[in-house]
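Student: Sharing a structure below in structure tokens format, with a few things to ask.
The values are calculated or read from the model by the stated rules, or taken from the named source; none is laboratory data. Remember, it's a predicted structure, so these values are computed and weren't measured experimentally. We place every Cβ from the backbone using ideal geometry, glycine too, and count neighbours over all the protein chains shown.
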Amino acid sequence: MNFDIDAKFLKHFRNLRQVFLYITDECNLRCVQCIYKPSITYQLGRKEIGLETALALISDFRELEASKLSILGGKPTLYGSSQNWKPLLRVIVKAKELGYEYVRLDTNGATEKFSSLLLKKDFKKLDEISFSIDGPTAEINDPIRGKGTFDECVSNVKKAVRLGYNVNITCCIHRNLVTRGASGDLLVECMIRFATSLGAKRINFHVLFDRGTPEDTWTTPEVHISPQEWMGIYSEINKNIEAGKYQIPVRIPQSFIAWEEFERNPDYYGFCPAKLGERVLVHPNGIIRICSSLLSTPYGVARYSNDKIVWDDGLTNELQDHQLNKPTPCTNQSKKYSDEKFVPLCFSFKSKQDEFIWRQKPGWEKIRTFKEGKNE
Ligand code: SF4
């Protein structure tokens with residue numbers, strides 16, 4: 001191990017599977033709905049994880065048996081871009097050498113220089129590039145991501161597909177994406193078809209709500225949709241997924257469920273990475289956290305410095321309200337929805353998700369198959 005890691009950390013992360021390495025807090029865009037906005041806006045302090053520290057962290061997390069690495073930010077393709085991306089490429093190569101089975105990178109894809117990065121031999125070692133596009137047309141995407149971003153990103157998606165990358169699309173579901181097009185189809189469906197036409201292998205959705213979490217104060221309420229709207233849309237899309245209507249896998253968050261249904265299968269619907277200790281989110285400011293609803297806040301579970309990873313024993317420990325041994329609705333969103341007939345589920349709860357980490361080491365996903373009487 002490179003770091004002296006305290007026992008509480010090792011105990012909580014005994015089932016560590018994935019690392020989200022927020023390698024830089026720099027970004028060339030300022031998207032309206034960005035949940036990382038305070039971190040990319042703030043100009044003081046360390047804005048990126050130094051190369052040697054990044055390599056040491058991913059090495060130790062690999063020793064704890066993480067097998068999937070997501071490189072993100074900010075915009076990770078800004079990491080070392082002035083050095084012909086040598087630092088970024090070194091992280092990718094090292095991760096594969098360490099035995100990470102799945103290494104992926106998230107990007108807004110909105111830069112011309114990106115096409116030369118796509119040609120780099122070491123960049124091609126990535127198992128997935130995920131491009132963020134928030135609508136099937138510039139008219140829907142650009143008002144929230146910035147003028148010209150749709151055309152630039154789509155052009156880079158096409159190049160990446162031509163070069164043989166495994167391209168995924170990540171899309172935020174926002175107010176302008178929950179209406180219907182001229183054909184009567186939901187624009188969310190148009191987005192799935194658009195991603196398919198670009199050659200993407202999968203589409204992954206996030207939904208923008210007022211959640212009762214810190215991001216409510218820095219994402220713009222005008223783009224949010226209501227839980228009631230979402231439950232109708234989810235049900236329609238999910239039926240189509242079940243009927244095999246789409247040509248590519250669709251990962252879509254259920255987000256809310258009726259109390260009675262939650263109580264029918266709490267172990268499954270109570271999925272919470274914070275309780276499972278299956279992931280770490282690592283940031284340039286030294287914070288290690290689990291829940292992405294706390295991005296850009298002081299909350300986390302631990303801090304790393306040059307040679308130590310220390311558990312947070314104070315009031316900024318994000319687990320302070322969690323009932324660690326009991327399946328519950330999402331702890332961080334529950335107070336907001338305490339008067340409703342439905343309960344909030346984890347941001348990451350995407351039913352029947354064909355997710356690498358659950359394929360590798362069945363765990364939580366087995367609960368579903370067991371309860372539904374299937375023996376997968
Ligand atoms: S969003 Fe809720 S359920 Fe998911 S990790 Fe955070 S606290 Fe847990």
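Student: Condition first: surrounded by fewer than 18 Cβ atoms within 10 Å (Cβ to Cβ) and part of a helix (DSSP H, G or I). Can you find one or more residues in region 200-210 that meet it?
Tutor: no
Student: With respect to the numbered conditions (1) farther than 18 Å from Ala274 by Cβ; (2) part of a loop (DSSP other than H, G, I, E, B), which one is the sole condition not fulfilled by Ile35?
Tutor: Condition not satisfied by Ile35: (1).
Student: Let me spell it out: the conditions are (1) surrounded by fewer than 14 Cβ atoms within 10 Å (Cβ to Cβ); (2) over 16 Å from Lys350 (Cα atoms); (3) not basic (Lys, Arg), and Glu242 meets all of them except one. Which number is the exception?
Tutor: Glu242 satisfies every listed condition except (2).
Student: If you don't mind, there's one more thing I want to ask. Among the residues of region 95-111, is there at least one that is of a type in the set (Gly, Ala, Ser) and part of a helix (DSSP H, G or I)?
Tutor: Here is the first cut: in region 95-111, the ones of a type in the set (Gly, Ala, Ser) are 95, 99, 109-110.
Keeping just the survivors that are part of a helix (DSSP H, G or I) gives 95.
Yes.
Student: Condition first: surrounded by 14 or more Cβ atoms within 10 Å (Cβ to Cβ), of a type outside the set (Ser, Thr, Tyr) and at pLDDT below 95. Now tell me which residues in region 86-116 satisfy that.
Tutor: Asn108, Gly109, Ala110, Phe114
Student: Quick one: which of Arg17, Arg62 is in contact with a Phe, Trp or Tyr (Cβ under 9 Å, 6 or more places away or on another chain), of a type in the set (D, E, K, R) and modelled with pLDDT under 95?
Tutor: Going through Arg17, Arg62 in turn, the sole match is Arg17.
Student: If you take the residues in region 263-291 that are surrounded by fewer than 20 Cβ atoms within 10 Å (Cβ to Cβ) and in a helix (DSSP H, G or I), which one is nearest to the ligand (Cβ to nearest atom)?
Tutor: Leu276
Student: Just the residues that are among the charged types (D, E, K, R) and assigned to a loop (DSSP other than H, G, I, E, B), please, taken from region 168-188.
Tutor: Selection gives Asp185 alone.
Student: Just one of the numbered conditions (1) more than 10 Å from the ligand (Cβ to nearest atom); (2) closer than 30 Å to Ile241 by Cα is not true of Leu295; which one?
Tutor: It is condition (2) that Leu295 fails.
Student: Further question: For a quick check of your reading of the model, give me the residue pairs whose first member lies in region 258-279 and is hydrophobic (A, V, I, L, M, F, W, C), whose second is assigned to a helix (DSSP H, G or I) and within 16 Å of the ligand (Cβ to nearest atom), with beta-carbon atoms closer than 6 Å and at least 6 apart or on different chains.
Tutor: The qualifying pairs are Phe262/Tyr269; Phe271/Trp364.
Student: Looking only at residues that are away from the ligand (no atom under 11 Å from the Cβ) and acidic (Asp, Glu) in region 305-349, which one is farthest from Cys172 (Cα to Cα)?
Tutor: Filtering region 305-349 for residues that are away from the ligand (no atom under 11 Å from the Cβ) and acidic (Asp, Glu), the one farthest from Cys172 (Cα to Cα) comes out as Asp307.
Student: Looking at (1) out of contact with any strand residue (DSSP E or B) (no Cβ under 8 Å at 6 or more places or on another chain); (2) assigned to a loop (DSSP other than H, G, I, E, B); (3) modelled with pLDDT of 95 or more, which is the one condition that is false for Phe150?
Tutor: Checking Phe150 against (1) out of contact with any strand residue (DSSP E or B) (no Cβ under 8 Å at 6 or more places or on another chain); (2) assigned to a loop (DSSP other than H, G, I, E, B); (3) modelled with pLDDT of 95 or more, the one that fails is (2).
Student: Right, Ile357: within 20 Å of the chain's Cα centre (by Cα), buried (at least 19 other Cβ atoms within 10 Å of the Cβ) and at pLDDT 95 or above or not? Before you say what the answer is, go through the steps one by one.
Tutor: On the way: within 20 Å of the chain's Cα centre (by Cα): yes; buried (at least 19 other Cβ atoms within 10 Å of the Cβ): yes; at pLDDT 95 or above: no.
No.
Student: Which members of region 20-53 meet the condition of being closer than 25 Å to Leu89 by Cα, at pLDDT below 95 and buried (at least 20 other Cβ atoms within 10 Å of the Cβ)?
Tutor: Asp25, Cys27, Tyr36, Ser39, Ile40, listed by residue number.
Student: Additional query: Does Val250 fit the bill of being surrounded by 16 or more Cβ atoms within 10 Å (Cβ to Cβ), away from the ligand (no atom under 16 Å from the Cβ), of a type in the set (A, V, I, L, M) and in contact (Cβ under 8 Å) with a residue 24 or more places away in the chain? Let's see the steps before the verdict.
Tutor: Details: surrounded by 16 or more Cβ atoms within 10 Å (Cβ to Cβ): yes; away from the ligand (no atom under 16 Å from the Cβ): yes; of a type in the set (A, V, I, L, M): yes; in contact (Cβ under 8 Å) with a residue 24 or more places away in the chain: yes.
Yes; evaluated as a whole, the condition is true for this residue.
Conditions tested, residue by residue: (1) within 18 Å of Arg30 (Cβ to Cβ); (2) touching a helix residue (DSSP H, G or I) at 6+ places or on another chain (Cβ under 7 Å).
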{"site": "Ser115", "(1), (2)": "no, yes"}
{"site": "Leu119", "(1), (2)": "no, no"}
{"site": "Asp122", "(1), (2)": "no, yes"}
{"site": "Asp127", "(1), (2)": "no, no"}
{"site": "Glu139", "(1), (2)": "no, no"}
{"site": "Asp142", "(1), (2)": "yes, yes"}
{"site": "Phe150", "(1), (2)": "yes, yes"}
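Student: Follow-up question, since we're still on this one. Looking only at region 157-184, filter to residues that are more than 19 Å from Val103 (Cβ to Cβ) and of a type in the set (S, T, N, Q); which one of those is surrounded by the fewest Cβ atoms within 10 Å (Cβ to Cβ)?
Tutor: Among them, the one singled out is Ser183.
Student: Follow-up. Can we say Phe256 is in contact with an Asp or Glu (Cβ under 9 Å, 6 or more places away or on another chain) and surrounded by 15 or more Cβ atoms within 10 Å (Cβ to Cβ)? First the steps, then the outcome.
Tutor: Details: in contact with an Asp or Glu (Cβ under 9 Å, 6 or more places away or on another chain): yes; surrounded by 15 or more Cβ atoms within 10 Å (Cβ to Cβ): yes.
Yes.
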